[in-house]
Each structure stands twice: as structure tokens, then as C-alpha cells.
1. Can you work out which of the residues in segment 278-316 that are surrounded by fewer than 18 Cβ atoms within 10 Å (Cβ to Cβ) and basic (Lys, Arg) is nearest to Leu327 (Cα to Cα)?
2. Given the residues Ser84, Ser107, Ser128, which is the only one that is surrounded by 18 or more Cβ atoms within 10 Å (Cβ to Cβ), under 17 Å from Leu28 (Cα atoms), within 25 Å of the chain's Cα centre (by Cα) and free of Cβ contacts under 8 Å to residues at least 40 places away in the same chain?
3. Check whether at least one residue in segment 56-78 is surrounded by fewer than 19 Cβ atoms within 10 Å (Cβ to Cβ), of a type in the set (S, T, N, Q) and closer than 30 Å to Arg166 by Cβ, and report yes or no.
4. Could you check segment 265-299 and list, in sequence order, the residues that are among the hydroxyl-bearing types (Ser, Thr, Tyr) and at pLDDT 90 or above?
5. Would you tally the residues in segment 138-157 being farther than 21 Å from Thr186 by Cβ and either in contact with a Phe, Trp or Tyr (Cβ under 9 Å, 6 or more places away or on another chain) or basic (Lys, Arg) (or both)?
6. So, in segment 381-410, of the ones that are small (Gly, Ala, Ser) and more than 23 Å from the chain's Cα centre (by Cα), which residue ends up nearest to Thr14 (Cα to Cα)?
7. Suppose the filter is more than 30 Å from Glu313 (Cα to Cα), acidic (Asp, Glu) and in a helix (DSSP H, G or I); does Glu218 pass it?
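The values are calculated or read from the model by the stated rules, or taken from the named source; none is laboratory data. Only a predicted model underlies this, so the values are computations on that prediction, with no experimental measurement involved. FYI the Cβ positions are ideal-geometry reconstructions off the backbone, even for glycines, and counts take in every protein chain you see.
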Amino acid sequence: METEILARIQFAFTVAFHYIYPPLSIGLGLLMVIFESLYIKTKNKEYHILAKFWTRIFALTFGIGVVTGIVMEFEFGTNWAVYSRYVGDIFGSALAAEGIFAFAMESGFLGILLFGWNRVKPWVHLVSTIGVFLGSMFSAVWIVVANSWQQTPAGYHIVGEGLNARAEITDFWAMVFNPSSVDRLTHVWLGAFLSGAFLVLSVHAYYLLKGRYTTISEKAFKIALAVATVFSLGQLFTGHKSAEGVAKNQPAKLAALEGHFDANAPADMYLFGWVDKENQKVTGVKIPGGLSFLLDYDFKTPVKGLNAFPKEERPSQINAVFQFYHLMVIIGMILIGLTLFTVFLWYRGKLFEKRWLLWVFVFSTLLPQIANQVGWFAAEMGRQPWVVYGLLRTSDAFSQTVSANQILFSLILFFLVYTLLFVLFVYLLNKKIQQGPYDESNDFDRPFTEGLTKTITQN
């Protein structure tokens, strides 16, 4: 297999595995803030217990996320040396901003969040929880800004020539607020909120089915359902805005997302289908002129298709881009339907009467994760053949001195290590869920002497 393909597969694998955890951290952070705020407002101990329980799970996801994220930074230097030199000033400034404005804030408040229970005033602990939550959101800001600059470069100029060429920032804020960063960031944030909300829904649906912690689980389920409903509907708006931006700034990607080949003709919107690249045909269920209507509110508005671009400037895996994008959209609509139906039952006073629905929620935690993953696959594969859109080709960006065998060996090693980490994560997550929210053995605020005294007394 070619070095470029192996390098792409390795980076895709490591970043996809890493991206399981940051959305959970951001989403759980929001729920932790809500639970703790409700405790301070109502003095209801159940909200305090929920905040502590989900903080323990947050700590697990945060830790695995940090470990798996470090690897990617080394890959930039080993496998993508030309890319690193080309975008170093851009990407480096974004990563530096993440470290200064996001990670420092998050880690600074993290100690109080984990170990400050009953050691600081409740409002101080709430501030630390908010600080950790905002830090995780700011971290997403700078990562999305760096990636969005690759999609829609702005605020730069090119110095040097050939392999020595590199981009330099001329306007920092133009780089930050490049044409796609805000739309993509809001879409990523909402996807993260859904990941956290559906994990909470899954766990407490499981408790309700097993008849465990029913009172506290009903409260948590209702709060998480409200969050999931609001943000699943919000994804309709952010997704539409993001698609409008792609149509304006990356028309070749939009054509691949919908399998639109005609150079300048009204574009259909497919609910699902299969792209025959050789015959330039899509077989599936469609709304004639649907894409044209979404972009211009007119079913007959012409939309640039793939044939309007040279073959060497089109995504090569058109069907894969099409399938990933449509799977994301389908899951988004499923989440909207599921949450609205459940809210209707809540309104009718029958929220917890249907066991089959609770079982659906137990497994629904997978849906936002899948949507997050395939959404990124569609965005990144749709940008090809460019690693920096219109400026640097992927085929020119990888390290010329690294062999295919070296990348393959490290890929196999990463696969083994990440598999072990994932098994460990699932084991520890399941252990914490089985212990339940009332378990005191892992409380962060229990002094060592208290536990020792209790042990001596029992013996």
C-alpha cells in the first residue's frame, strides 16, 4: 500500500478514536453544570449526588481523551512533515491559543472540581465546574479554527517556493473567523452536547429498566431529555448554515456530498442512495430539486456539479463521502424524532411507561457518536485532494523520508494500544455505572482518615 494512503489511514484512525472522548467531556460538562446549579438553587441532595456521579465519569473520559490526543501532534511531525512546515505558523498559533486560553483554564479548575467537594463553598465549586466546562469548549474552538482554516484559508500570505513554501498569518482574527469556522464550531458544539446528553439518558434509562435509583434517575432523564431535544433541533439550523457555507466556499465538496454531477443544473436532494461514479449516476430516493431549494429556495436554481471541476480537483471517493454525509443526516433526524416523541409522552404523563422506549435510549448513546464520526469523515474526505483547500495537495503534504513499512508497523501498534485503552475505558465505565450514583467508595471528597476510621470501626 502507498505511503500516502497508509499515512492517511493512520491519522484517520488515531483522530477518530480520540474523538470518542472530547465530545463526551464537553457534553457531560454541560450536564454537570446544570445538576450542580439545580442543587445550589433547590438544596435537593439528589442533584448533588448526580453532579458527583457524572463528575466521576467525566474524569474518566477526560483522562482517556488527553492520552489519545497527544499522539496526533507527533504524527504531524513524523508522517506529515511538509504539511507541518506549510501550516506551522497557522496551526501552531491555534494550538498555542488552545494551551493558553483553554487547556490551562480547564486543568486549573479541574483540581477543585475533582477534589473540592465539601472543601470549598458550593458556589466556588460551581464556578470551578463552569470553568472546566468552558475550558473544554474553548479547546474545541481552537481545534475547529485550525481545521476550518484548512477548509477555507483566510488572513495569510505565502512565503517561499516549492517544498519550502509556507503560510504566514497576516491577520490573526481573519484567520480565526475564517469563512467556515463559526458555522462548523456551532455544529461541533451541539454534536458534543448531544453525545453527553444521550450518555446520561442511556445510563438512567438502564437504571429505570432495572428498578434501581428510580427517583434520581427520573430527574436526570428529564433534564438530559430537555437538553437533547433542544440541541437536536438546533442541529437542523447549524447543519443548514454549514451546508450553505460549503456551497459557497467548497462547491466541489457539496457536489460530492449529494452526488451531483451535472456541471450547472438544478440539484436533487437524496434521502439515501448509491453513487455510481463511473456512470455518473445516483440510485436512491430523492426530492427533485431539493438541494437547489435548500440553497436558494427555488427548485430550479442551478448548482455547480462535479463535472464543473477538473477530475484532479474532485474528491476521489465520492460514494464514501455521499454515504457518510447521509448517514449523519439520517441519524440527526432520528434523534429529533426520538426526542420529540419522548417529550410528547412526557407531556401526556406517560414518560416512563414504555419499556421498549427505555431500551431504545439505552442503546441510543451510540447514535451521536456515530454521527460525529461520519460527519468528520464526510468533511475531511470531501476536502480531498487538498489538505489545505486550493493551496496544498494531500499528495504533496506527507513526509518523503518515512517508508510505508514504518507507518504500517506504527499503525498496527497504535491499533493494539488503542484497543487496550478502549477495553479499559468500557470496563471502568461499566464499573462506575454498576456502582451507581449512591456509591461512596470513589467520592473525591472523602478524607483518607475518614475512610481509615470507618475501616477500623467495621473490623
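1. Within segment 278-316, the match that is nearest to Leu327 (Cα to Cα) is Lys281.
2. That would be Ser128, the only listed residue that is surrounded by 18 or more Cβ atoms within 10 Å (Cβ to Cβ), under 17 Å from Leu28 (Cα atoms), within 25 Å of the chain's Cα centre (by Cα) and free of Cβ contacts under 8 Å to residues at least 40 places away in the same chain.
3. Within segment 56-78, one or more residues are surrounded by fewer than 19 Cβ atoms within 10 Å (Cβ to Cβ), of a type in the set (S, T, N, Q) and closer than 30 Å to Arg166 by Cβ.
4. Passing the criteria: Tyr270, Thr283, Ser292.
5. Counting residues in segment 138-157 that are farther than 21 Å from Thr186 by Cβ and either in contact with a Phe, Trp or Tyr (Cβ under 9 Å, 6 or more places away or on another chain) or basic (Lys, Arg) (or both) gives 1.
6. Restricting to residues being small (Gly, Ala, Ser) and more than 23 Å from the chain's Cα centre (by Cα), the top hit is Ser410.
7. For Glu218, the condition - more than 30 Å from Glu313 (Cα to Cα), acidic (Asp, Glu) and in a helix (DSSP H, G or I) - is met.
To keep it simple, each residue is scored yes or no on (1) over 30 Å from Ile34 (Cα atoms); (2) among the basic types (Lys, Arg); (3) surrounded by 21 or more Cβ atoms within 10 Å (Cβ to Cβ).
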site: Val188; (1), (2), (3): no, no, yes
site: Arg212; (1), (2), (3): no, yes, no
site: Ser217; (1), (2), (3): no, no, yes
site: Gly234; (1), (2), (3): no, no, no
